[in-house]
Amino acid sequence: MGKIHKPRSGSLAVRPRKRARRQNARITSWPHIEEQSILGFAGYKAGMTYLLMIDDQPDSPTKGHEIMVPVTVVETPSLFVYGLRAYSQTTDGLKTLADLYANNLDKKILEKLKIKKYDGYETAIKKIESNLEKISDLRILALMSPERTGFGKKKAERIEIEIGGKNAKERFEYCKNLLGKEINAKDAFKEGEYVDAVSVTKGKGWQGAIKRFGIHLQRRKATGRVRHVGTLGPWHPAKVMYTVPMAGQMGYHKRTELNKRILKIGEDVDITPKGGFLNYGVVKNPYLLIKGSVGGPVKRLIKFRKAIRTRRKPLKPEIMYISKESKQGA
């Protein structure tokens, strides 16, 4: 019998594979776009369904034919822009230059921000305008609206979203116009556009080497154990190397998936299947249909940014049918 070759499971690309620090995953890099625009958005994962569309990929053997595509439904309630943050580039990385909050914020917003009173509007504007040459990044500060969804979450997440533009002055004027307003997914993305999805994956707890890395079970006459690794490595170097498959945390890692295509930005909220999405309920807000799967369980916060590494042109898809069959028996 010939030797069976099987590549090992479990990526060595991200180490250590430990639990994420927070569910509100942080986006650390943004694309450089000269057009004045919002470079990201966020929503809550509701579940999955499928649709029928005309294949418009130029290299596909089924181009022009009707195909079935699995999609992830992400509910995207509007974001409230309560402020902006200016960053300056230093030898130690980005440092906050100034925070500017919207003037005359409501009491409910101040309670969410845990601020009693805000009087620094004029001071922050003067500081930013006098240091426009030092500003390298400008980001809006926004609040999620989980109370508008149907799954009962109360605490609103704060998120930062980069703003595109040619120079700091243009971006600052664009950000000032957004202060105190609500923005929607259509303000940031278009149908057919490619985005990057940033989220924290499903947590599977502490798992052994068999499930975590897919190694073979030990034979019957092994050392008395079956679900363990056969060797911890060579004699030299006289240490256990990090490449040895061992038990440890599996899942609940921050991951970024590149080039996820937005097939539809829905506003009619007529996407909920019969009986609602399993463990989620009814979609009450605008939503995104993302081609394929997205990391994380339902109700998990998913962040999107404009694709940072893509050469594909956004083409608006021709959707023929969206399934709204019950997912309760799935």
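Worth a mention:
- Cross-link reach is defined here as a Cα-Cα straight distance under 12 Å, omitting same-chain residues fewer than 8 places apart; for LYS117 the aspartates and glutamates meeting it are ASP106.
- Length-normalised contact order for the chain - Cα pairs under 8 Å, 6+ apart - percent: 29
- The dipole here belongs to the chain: it is taken about the Cα centre, uses +1 on the Cβ of Lys and Arg and -1 on the Cβ of Asp and Glu, and is about 2400 debye.
- The angle between the Cα long axis of helix 121-130 and the longest principal axis of the Cα atoms of the chain comes to about 80 degrees, rounded to the nearest 10.
- Our coupling estimate for segment 249-255, obtained by passing each phi through the Karplus curve with A = 6.51, B = -1.76, C = 1.60 and θ = phi - 60°, is 5, 10, x, 6, 10, 6, 9 Hz, Gly and Pro reported as x.
- Most fluctuating residue given options SER60, SER145, SER199, as computed from a GNM of the chain linking Cα atoms under 10 Å: SER60
- Between GLY296 and LYS202, the built amide H atoms are under 5 Å apart, and every one of these is 5 or more places off in sequence or on another chain.
- Answer label, with Cα Rg over 2.2 N^0.38 Å calculated from the coordinates and candidates (1) 1.19; (2) 1.00; (3) 1.41: (1)
- Segment 57-172 shape via C-alpha gyration tensor axes, a/c threshold 1.5: oblate
- Estimated 222 nm signal from helices in the chain, with DSSP H stretches of n ≥ 4 weighted -39500 (n - 2.57), rounded to 500: -2500 deg cm²/dmol
- Working note: Karplus 6.51/-1.76/1.60 with θ = phi - 60° gives segment 49-62 the couplings 8, 9, 9, 10, 9, 8, 5, 10, 6, x, 9, 7, x, 9 Hz, where Gly and Pro are set to x.
- Principal-axis analysis of the Cα atoms of the chain puts helix 168-178 at an angle of about 80° to the longest axis.
- Between LYS190 and HIS236, the C-beta separation translates, for a Förster distance of 51 Å, into a calculated FRET efficiency of about 0.35.
- GNM result for the chain, Cα springs below 10 Å: residue of VAL74, VAL294, VAL240 fluctuating most strongly: VAL240
- Take the Cβ atoms of TYR50 and ARG227, set R0 to 35 Å, and the FRET efficiency comes out at 0.45.
- Remark: segment 179-193, residue by residue, has Karplus-estimated 3J(HN,Hα) of 4, x, 10, 9, 10, 10, 5, 5, 6, 10, 10, 10, 5, x, 6 Hz, where x stands for each Gly or Pro and the curve is 6.51 cos²θ - 1.76 cosθ + 1.60 at θ = phi - 60°.
- When the Cα positions of VAL294, MET53, SER323 are compared along the charge dipole of the chain, VAL294 comes out farthest toward the positive end, with charges on each C-beta of Lys, Arg, Asp and Glu.
- Among PRO77, PRO237, PRO286: highest mean-square fluctuation, GNM of the chain, C-alpha pairs under 10 Å: PRO237
- Cross-link partners for LYS166 among the lysines, with Cα-Cα distance under 17 Å and sequence neighbours closer than 8 places in the same chain left out: LYS134, LYS176, LYS306.
- Förster-model FRET efficiency, 22 Å R0, LYS313 and THR62, C-beta, rounded to 0.05: 0.70
- Within straight-line cross-link reach of LYS254, aspartates and glutamates at Cα separation under 14 Å, skipping those fewer than 8 residues along the same chain: ASP196
- Neighbourhood charge, 10 Å Cβ-Cβ cut-off, centred on ILE54 and excluding it, Lys, Arg +1 and Asp, Glu -1: -3
- Over segment 197-330, relative contact order from alpha-carbon pairs under 8 Å, at least 6 apart, %: 32
- Listed pairs LYS107/LYS260; LYS114/LYS284; LYS95/LYS169; LYS108/LYS313; LYS186/LYS324; LYS126/LYS181 exceeding 30 Å between Cα atoms: LYS107/LYS260; LYS108/LYS313
Rule-based calculations on the coordinates, nothing more; no lab input. Just so it is clear, the model here is predicted, and its values are computed rather than measured. With ideal geometry, Cβ positions are generated from the backbone for all residues, glycine too; neighbour counts draw on all protein chains shown.
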